[in-house]
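Below is one structure, written out as structure tokens; the observations come after it.
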Amino acid sequence: SQKIEQNSEALNIQEGKTATLTCNYTNYSPAYLQWYRQDPGRGPVFLLLIRENEKEKRKERLKVTFDTTLKQSLFHITASQPADSATYLCALDGDTGGFKTIFGAGTRLFVKA
Amino acid sequence: GAVVSQHPSWVICKSGTSVKIECRSLDFQATTMFWYRQFPKQSLMLMATSNEGSKATYEQGVEKDKFLINHASLTLSTLTVTSAHPEDSSFYICSADPGQGNHEAFFGQGTRLTVV
């Protein structure tokens, strides 16, 4: 069955450092891979989308890579800030012709001042 | 960006009663909306796809008679949890696609349902 794996352990880093989160998937050939931010008790907020034919995407302090051979995406936050503390969700889409997205469980990021 | 509003943000109900959750697209029309459920520290699980003017499509294992979905207009979908039980307590989230072709989903704020 389709599976998305994100590190269930929280990631703790110091302010100013680069946070790197990993998303691995199996039994899926997504046309798109997305990253969302979710704060406690809130709905997810879209951050970045990367397509299967793209290797890397950047938006301000965010960078996403997509390796369809390894079936892995890396999500980087450079110059991290305490306000970046949240849960980050990886999501796959585009395999069914409709907008049906499957989500990973997310990785909790804590940025210490 | 597009705004999706979900109401209520939290609700407590007695076992056996029904609860209705609303999902509205405020500045765009959505022919399709999605309903998810999320348990603590778990991923969002798609429950059903709500289609304006037609029946919802439910995911495997989701009881359509228990989770009633109505998508009566292009800006409103409702999820009614009927005969709620404590195990239905969860975080329910809706999303919609404005159809701009960029595959960006916009989510509501979520509804925390507690059944006592």
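All of the numbers you see were taken from the coordinates with simple rules; none came from a lab. On a predicted model such as this, the values are computed, not experimentally measured, just so you know. Quick reminder, even Gly has a Cβ in these numbers, built from the backbone with ideal geometry, and neighbours come from all protein chains shown.
Rounded to the nearest Å, what's the spacing between the alpha carbon centres of the stretch B:29-80 and the stretch A:1-70? Just the number, please.
Each part's Cα centre sits 25 Å from the other's.
Work out the charge dipole of the stretch B:18-62 with +1 on the Cβ of Lys and Arg and -1 on the Cβ of Asp and Glu about the Cα centre, then indicate which of B:34, B:50, B:18 is farthest towards its positive end.
B:18
Work from the charge dipole of the stretch B:53-116 (Cβ charges, +1 for Lys and Arg, -1 for Asp and Glu, about the Cα centre) and give the residue of B:100, B:81, B:60 farthest towards its positive end.
Going by the Cα projections, it comes out as B:81.
What is the mean number of Cβ atoms from other protein chains located within 10 Å of the Cβ atom of each residue in peptide B:32-44, rounded to a whole number?
On the way: counts 3, 0, 4, 0, 4, 0, 7, 1, 0, 5, 4, 10, 12.
Mean inter-chain Cβ contacts per residue within 10 Å come to 4.
Straight-line reach from residue B:66: which lysines fall under 18 Å, measuring Cα to Cα and dropping same-chain residues less than 8 apart?
Of all the lysines, those that pass the test against residue B:66 - Cα under 18 Å, at least 8 places apart if same chain - are B:14, B:20, B:55.
By the gyration tensor of its Cα atoms, with a ≥ b ≥ c the square roots of the eigenvalues, what is the shape of chain A: rounded for a/c under 1.5, prolate for a/b over b/c, or oblate?
Details: a/c = 1.90, a/b = 1.61, b/c = 1.18.
Here chain A falls in the prolate category.
Taking the Cβ-Cβ separation of residue A:18 and residue B:26 as r and a Förster radius of 41 Å, what is the calculated FRET efficiency to the nearest 0.05? Can you show the working numbers first?
On the way: r = 36 Å, r/R0 = 0.88.
Computed FRET efficiency for residue A:18 and residue B:26: 0.70.
Quickly rank A:46-59, A:66-79 as a protection proxy: mean count of other C-beta atoms within 10 Å, highest first. It would help to have the intermediate numbers written out before the result.
Numbers: A:46-59: 14.6, A:66-79: 16.4.
Listed from highest to lowest mean packing, they are A:66-79, A:46-59.
For peptide B:103-112, how many partner chain Cβ atoms fall within 10 Å of a residue's Cβ, on average? Walk me through the numbers on the way to the answer.
Working: counts 10, 8, 11, 4, 7, 3, 3, 5, 1, 1.
Mean partner shielding for this stretch: 5.
Aspartates and glutamates within cross-link reach of residue B:64: Cα-Cα under 15 Å, excluding same-chain residues under 8 positions apart?
B:88
Taking the Cα centre of the stretch A:1-103 as origin, work out the dipole magnitude from +1 charges on Lys and Arg Cβ and -1 charges on Asp and Glu Cβ, in debye rounded to 20. Display every interim value, and only then the final one.
On the way: 13 positive and 12 negative charges, 34 e Å.
Computed charge dipole of the stretch A:1-103: roughly 160 debye.
Using the 10 angstrom Cβ neighbour count as an exposure proxy, how do A:111, B:62, B:116 rank, fewest first? Can you show the working numbers first?
Working: A:111 20, B:62 17, B:116 9.
Result, fewest neighbours first: B:116, B:62, A:111.
Quick check on packing: order B:78-85, B:108-115 by the mean number of other C-beta atoms within 10 Å, highest mean leading. Let's see the in-between values first.
Values: B:78-85: 17.9, B:108-115: 20.2.
The densest-packed peptide leads the list: B:108-115, B:78-85.
Using label points projected 7 Å from each Cα along Cα→Cβ, tell me how many nm separate residue B:114 and residue B:55, to one decimal.
Rounded to a tenth, the inter-label distance reads 3.7 nm.
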